[in-house]
Amino acid sequence: MGGALLKGWFAQGLSPVDIMIVEPAGRAAVESTDEHPALSVLTDASELPSDFTPDAIVFAVKPQAAAGIIPAYARFAEGGTVYLSIIAGLSLKNIQEMLGPKAAVVRSMPNTPAAIGRGISVLCPADSVGPSQKRVCKVLMAAAGQTAWITDEADMDAVTAVSGSGPAYVFLLAEALAEAGIAAGLEPALAEQLAQATVSGAGALLDAETKPAGTLRENVTSPGGTTEAALQILMADDGLPSLLTRAVEAATQRSKDLAG
Ligand SMILES: NC(=O)c1ccc[n+]([C@@H]2O[C@H](COP(=O)([O-])OP(=O)(O)OC[C@H]3O[C@@H](n4cnc5c(N)ncnc54)[C@H](OP(=O)(O)O)[C@@H]3O)[C@@H](O)[C@H]2O)c1
């Protein structure tokens, strides 16, 4: 995810001389170094210059590694630096405990379409974050796609369940539609091609249109037609809306449990 953000920052025009990467595995582990030889890659936070005053520090490490990494960046907390964390499940309080109570921390939850600049990232600021620090974080996450703010951090569990985990639900839809096509007698390769093109094409249409999803659905549903016959099954009491409600409830609960 850190690599996807870096790619997006370069695409936005951020200069490699304005970025420092800390990556224990060194330059070879950072994809963009061949294209951007001026990019600095350090292997440990202790190598950061003593007079360094970054606008933002982005934490993009695994949750289980965070406690061993974040405290090394506490010295920047008093200099106006904003800390932006994309670490799933790590609360603003957890992070501030590692950086000190004055640290300006923004927590964000991106999703995997960030890899192609088509993600959505939800951001939640700590009380200590000022307007210009919020702007910096929004610009940084906009490199991965759309952005949205929440003010109640408790909503991050539901955000995780909807957009964080959501791409998997859409991939499952493509898989299930292909399997249903095979069951209806199509060759597997054709069924998979139809399902994939339908899911990605419908997603692109939804993105291009100003009308809501429900209107687009109604527009392709003729009374007494084939789509209506399928939707009567999908929209039954035990159909897709009820299944997704239960799935999102389960993911929200899991997110709460993981955060402890
Ligand atoms: N992937 C997603 O779709 C997604 C979505 C939302 C949120 N997130 C969050 O994003 C974070 C990163 O996820 P990921 O999937 O990108 O994991 P990842 O591929 O394992 O990336 C973690 C990176 O952190 C590096 N790292 C390890 N120790 C470090 C240190 N001391 N200082 C600096 N960097 C260090 C790792 O380097 P090595 O490889 O050398 O160990 C690796 O490059 C996670 O907290 C995850 O919860 C991910």
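The values are calculated or read from the model by the stated rules, or taken from the named source; none is laboratory data. This is a predicted model, so every value here is computed, not measured. Here the Cβ positions follow ideal geometry from the backbone for every residue, glycine too, while neighbour counts run over all protein chains shown. Protein only, heavy atoms only, side chains kept; ligands, DNA and RNA dropped before computing areas. Shrake-Rupley method; radii C 1.70, N 1.55, O 1.52, S 1.80 Å.
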Calc'd 3J(HN,Hα), the stretch 16-26, phi into Karplus 6.51 cos²θ - 1.76 cosθ + 1.60 (θ = phi - 60°), Hz, glycine/Pro = x, comes to x, 6, 9, 10, 10, 9, 10, 9, x, 7, x
Whole Å is fine, so just give me how far the alpha carbon centre of the stretch 237-253 lies from that of the stretch 152-220. 15 Å
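Helix-derived [θ] at 222 nm for the chain: sum -39500 (n - 2.57) over DSSP H runs of at least 4, divide by residue count, nearest 500?
-13500 deg cm²/dmol
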What are the ³J(HN,Hα) values, in whole Hz, obtained from phi via the Karplus relation 6.51 cos²θ - 1.76 cosθ + 1.60 with θ = phi - 60°, for each residue of the stretch 207-223 in sequence order, with x given for Gly and Pro? 5, 7, 7, 8, 6, x, 4, x, 5, 4, 4, 4, 5, 9, 10, 7, x
Restricting things to Cα coordinates, could you compute the convex hull volume per residue of the chain in Å³? 162 Å³
Evaluate the charge dipole of the stretch 166-259 about its Cα centre and quote only its size in Debye, nearest 20, assuming +1 on the Cβ of each Lys and Arg and -1 on the Cβ of each Asp and Glu. 260 debye
Taking the solvent-accessible surface of protein heavy atoms with a 1.4 Å probe, what is the per residue accessible area of the stretch 107-260 in Å²? 62 Å²
Tell me, what HN-Hα J-couplings in whole Hz come from the Karplus equation 6.51 cos²θ - 1.76 cosθ + 1.60 at θ = phi - 60° for each residue of the stretch 224-236, using x for Gly and Pro? x, x, 5, 4, 4, 4, 6, 5, 4, 6, 5, 9, 5
Angle, helix 166-183 long axis vs. longest principal axis of the chain, Cα atoms, 0 to 90°, nearest 10? 30 degrees
Hydrodynamic radius by Kirkwood for the stretch 89-156, inverse mean 1/r across distinct Cα pairs, in Å, is 12.3 Å
Would you mind classifying the stretch 166-259 by shape? Square roots of the alpha carbon gyration tensor eigenvalues, ordered a ≥ b ≥ c; an a/c under 1.5 is rounded, otherwise it is prolate if a/b is larger than b/c and oblate if not. prolate
Measuring from its Cα centre, the chain shows a charge dipole (+1 at each Lys and Arg Cβ, -1 at each Asp and Glu Cβ) which, in debye to the nearest 20, is 500 debye
Computed from every Cα-Cα pair in the stretch 2-152, P(r) in 5 Å bins starting at 0 and rounded to whole percents is 2, 9, 20, 23, 23, 16, 6, 1, 0
Looking at the square roots a ≥ b ≥ c of the eigenvalues of the Cα gyration tensor of the stretch 77-202, which shape do they give, rounded for a/c under 1.5, prolate if a/b is larger than b/c, or oblate? prolate
Between A104 and residues 5 or more places away or on another chain, the pairs with built amide H atoms under 5 Å apart involve Y83
